[in-house]
1. Being in a loop (DSSP other than H, G, I, E, B) and modelled with pLDDT under 60 is the filter; apply it to segment 196-220 and report the residue that is least open to solvent (accessible area, probe 1.4 Å).
2. Need the failing condition index for residue 108 against (1) at pLDDT below 95; (2) closer than 27 Å to residue 14 by Cα, just the number.
3. Scan segment 177-201 and report the pairs whose first residue is small (Gly, Ala, Ser) and whose second residue is modelled with pLDDT of 95 or more and part of a helix (DSSP H, G or I), with Cβ atoms within less than 7 Å and a gap of 6+ or a chain change.
4. Please name all residue pairs, on different chains or six or more residues apart, with Cβ atoms under 9 Å, provided the first residue is in segment 68-79 and is farther than 13 Å from residue 91 by Cβ and the second residue is of a type in the set (Lys, Arg) and modelled with pLDDT of 95 or more.
5. If you check residue 121 against the conditions, is it among the aliphatic types (A, V, I, L, M) and either open to solvent by 60 Å² or more (accessible area, probe 1.4 Å) or in contact with a Ser or Thr (Cβ under 8 Å, 6 or more places away or on another chain) (or both)?
6. Sort through 42, 46 and tell me the only one that's out of contact with any Lys or Arg (no Cβ under 7 Å at 6 or more places or on another chain) and among the acidic types (Asp, Glu).
7. Quick check on segment 133-146. Is at least one of its residues free of Cβ contacts under 8 Å to residues at least 60 places away in the same chain and open to solvent by less than 60 Å² (accessible area, probe 1.4 Å)?
8. Within segment 33-83, considering only strands (runs of 3 or more DSSP E) that don't extend past its boundaries, which have at least 2 residues that are of a type outside the set (Lys, Arg), buried (at least 21 other Cβ atoms within 10 Å of the Cβ) and modelled with pLDDT of 95 or more?
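The values are calculated or read from the model by the stated rules, or taken from the named source; none is laboratory data. Please read all numbers here as calculations on a predicted model, not as lab measurements. Because the Cβ atoms are built from the backbone with ideal geometry, glycine has one as well, and the counts that use them run over all protein chains shown. The area values use the complete protein model at the heavy-atom level, side chains included, leaving out ligands, DNA and RNA. Shrake-Rupley method; radii C 1.70, N 1.55, O 1.52, S 1.80 Å.
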Amino acid sequence: MLKPQTKGLLLDTTRCIGCGACALACKERNKLPKTADDVLKDELSDKTYSVVNQVGSRYVRRMCMHCVTPSCVSACPVGAFVKNDNGPVTYLESRCMGCRYCMIACPFGIPKYEWEKKAPLVRKCDLCADRLAQGLKTACSTACPTGATTFGDRDALVAEARERFRLNPGRYNEHIYGLEEVGGTSVLLISDAKAGELGYPAVLDDTPPAFLTWRALKVIPDVVMTGAVLLGGIYWIRNRRDEVEAAEGPHAAPPKEH
């Protein structure tokens, strides 16, 4: 059986007009609350999965990059993050034990934690995985009126970026950010500026950080890793129970039987 084409997004800052339609569409699709009066001043959080910020004279989107070889997937000891064949990196909240290794591992600082909740989870963009499963585009790309966010097969998006370079000599920096960085991402970025000027990590190795994790784990006996995960899970469960009880307040002791 043939694997599905890897889907992704092409973000083009030269076409973005700062309308914020993509960010608002993301909010609506994920049923997220309003977190800023000015959509252009919003920040990524457990309640905001995609933002458009003004950086100098440009409008720049930030969201999960959906790495080809995701660090969050390799760092998670319980398999709560999954890289799907068609592109999205999704999160299985029922597996999460709250270790937050994904947040440390992500080179783009994307996963966010629900610090204010009694039983917190990790939140981030899932590239509208449910819509992709139905053959639909992402909500953000559907809402974009200018082509600043374009949805499609990753290979076709790379070709589209190069075609824009060819048709508009001198307009672009002519670097496809995410083509090779950290082993490649499903969300690609092109601009007339360099990544560092846009607020993206400027110096990233072409080798996926996940490979470094796997190499390290190979020298650790399986029994040690299994024990560490088990003990970590027990520790988290006990602490989570204590935190929930503390948040709910003391309960009256049951009456004694005579």
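1. 220
2. Every listed condition holds for residue 108 apart from (1).
3. Listed by first residue and then by second, the contacts come to 186/154; 191/198.
4. That search, which allows pairs on different chains as well, returns 68/83; 68/154; 69/83.
5. Spelling it out, it is not the case that residue 121 is among the aliphatic types (A, V, I, L, M) and either open to solvent by 60 Å² or more (accessible area, probe 1.4 Å) or in contact with a Ser or Thr (Cβ under 8 Å, 6 or more places away or on another chain) (or both).
6. Checking each option against the conditions leaves just 42.
7. no
8. 51-55
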